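One structure is given below, encoded as structure tokens.
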Amino acid sequence: LFEILTQSVPWSELSGSFVLATLSAVMQRGERPRLDPATAAYDPPLTALMRLCWAQDQNARPTFAEILADPLFSEGGVDNDDDGGGGGENV
């Protein structure tokens, strides 16, 4: 979700084997990629969902079933039709 909103890779300044060790330590401290206010304001529901998925307590994170039940993914939200062709209509 971060990459969709920002069109960038989180922590892209890290490279090599350093990435995994650093990200593990960072995540354990509760740090998450920075999201500037303008980007967060672009799509508040998607931003809120992303932040829920980043919860430090894994039990507080939504399941995929909960995410798909979210109004964001229902009619009028994200195009979730099965034909793969987009178009935005849910049949």
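The values are calculated or read from the model by the stated rules, or taken from the named source; none is laboratory data. Here the structure is a predicted model, which is why all the values come from computation and not from measurement. Every residue, glycine among them, receives a Cβ derived from its backbone with ideal geometry; neighbour counts consider all protein chains shown. When the accessible area is computed, the model is the full protein with side chains, heavy atoms only, and any ligands, DNA or RNA have been set aside. Shrake-Rupley method; radii C 1.70, N 1.55, O 1.52, S 1.80 Å.
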State all residues of segment 25-44 that are part of a helix (DSSP H, G or I), open to solvent by 60 Å² or more (accessible area, probe 1.4 Å) and either within 17 Å of Glu3 (Cβ to Cβ) or touching a residue at least 40 places away in the same chain (Cβ under 8 Å) (or both); if no residue qualifies, say none.
-> Met27, Ala38, Tyr42
Considering residues that are farther than 21 Å from Ala55 by Cα and surrounded by 12 or more Cβ atoms within 10 Å (Cβ to Cβ), the number found within segment 11-24 is 1
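Can you tell me which residue is most open to solvent (accessible area, probe 1.4 Å) among those in segment 1-10 that are in contact (Cβ under 8 Å) with a residue 24 or more places away in the chain and not in a loop (DSSP other than H, G, I, E, B)?
Taking segment 1-10 as the starting set, the residues that turn out to be in contact (Cβ under 8 Å) with a residue 24 or more places away in the chain are 1-2, 4-6.
Narrowing further to those that are not in a loop (DSSP other than H, G, I, E, B): 2, 4-6.
Details: Phe2: 22, Ile4: 117, Leu5: 22, Thr6: 38 Å².
The qualifying residue most open to solvent (accessible area, probe 1.4 Å) is Ile4.
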May I ask you to verify whether Ala21 is of a type in the set (A, V, I, L, M, F, W, C), outside any loop (DSSP other than H, G, I, E, B) and at pLDDT below 80?
-> yes
